[in-house]
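The values are calculated or read from the model by the stated rules, or taken from the named source; none is laboratory data. As the structure is a computational prediction, the values presented were derived from the model and not from experiment. Cβ placement follows ideal geometry from the backbone for every residue including glycine, while neighbour counts extend to all protein chains displayed.
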Amino acid sequence: MEIILLQDVTNLGYKDDIVKVKNGYANNYLLPNGMAIIATPSNRKVHAENMRQRAFKEEKLRKDAETLKAAVNEKSVRLVAKVGENGHLFGSITSDQIAEALKEQHNYDIDRKKIVVDGAKLKEIGTFPAQINIYKEIKAQINVEIVAE
């Protein structure tokens, strides 16, 4: 029996794969647990249409991410912080502060969870790199400049 998987199944396949399994496995386990549907001609058409729409949405998201990467890449963000006598900050600069500075200085609204910095580095004055994970494998690099107040 051929089925369309609705979720990843270990040792069988991934979501949206069309696989051939024994009737008992499909009827007694996969179908009752909602892990698959039977690959009838109408279900195949619906599956093909869903895959086409998903590919279209994926392409649009990828293009938007590439546009954002081109705009943000190699931008510089300037943050002002209180500094002690030895040049170390009182506290450290977080990704939340970087996201806020990107919004204020360059008008880019980027989620703080997508900004990756090495926390140990952002405890002193200087210029440091930060990475923005825009979408899957699309990443941008920005510079974070920390100056004394």
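Take the residues of the stretch 1-53 that are among the charged types (D, E, K, R) and assigned to a strand (DSSP E or B): which is surrounded by the most Cβ atoms within 10 Å (Cβ to Cβ)?
This residue is GLU2.
In the stretch 106-115, is there at least one residue being over 18 Å from the mean Cα position of the chain (by Cα) and within 18 Å of ILE142 (Cβ to Cβ)?
Among the residues of the stretch 106-115, at least one is over 18 Å from the mean Cα position of the chain (by Cα) and within 18 Å of ILE142 (Cβ to Cβ), which makes the answer yes.
Would it be correct to say that GLU104 is loosely packed, with under 12 Cβ neighbours inside 10 Å and in a loop (DSSP other than H, G, I, E, B)?
no
Suppose the filter is assigned by TED's automatic domain parsing to the domain that holds ASN11, within 24 Å of ILE110 (Cα to Cα) and surrounded by 11 or more Cβ atoms within 10 Å (Cβ to Cβ); does ARG62 pass it?
Taking the combined requirement at face value, the residue satisfies it.
Only one of (1) at pLDDT below 95; (2) surrounded by 16 or more Cβ atoms within 10 Å (Cβ to Cβ); (3) touching a strand residue (DSSP E or B) at 6+ places or on another chain (Cβ under 8 Å) fails for SER92. Which number is that?
(3)
Hey, can you tell me all the residues within the stretch 113-131 that are in a helix (DSSP H, G or I) and loosely packed, with under 12 Cβ neighbours inside 10 Å?
Hit for the stretch 113-131 is LYS113, nothing else.
From ILE134, ILE93, ILE142, grab the single residue that is part of a loop (DSSP other than H, G, I, E, B) and touching a residue at least 24 places away in the same chain (Cβ under 8 Å).
So the residue among ILE134, ILE93, ILE142 that is part of a loop (DSSP other than H, G, I, E, B) and touching a residue at least 24 places away in the same chain (Cβ under 8 Å) is ILE93.
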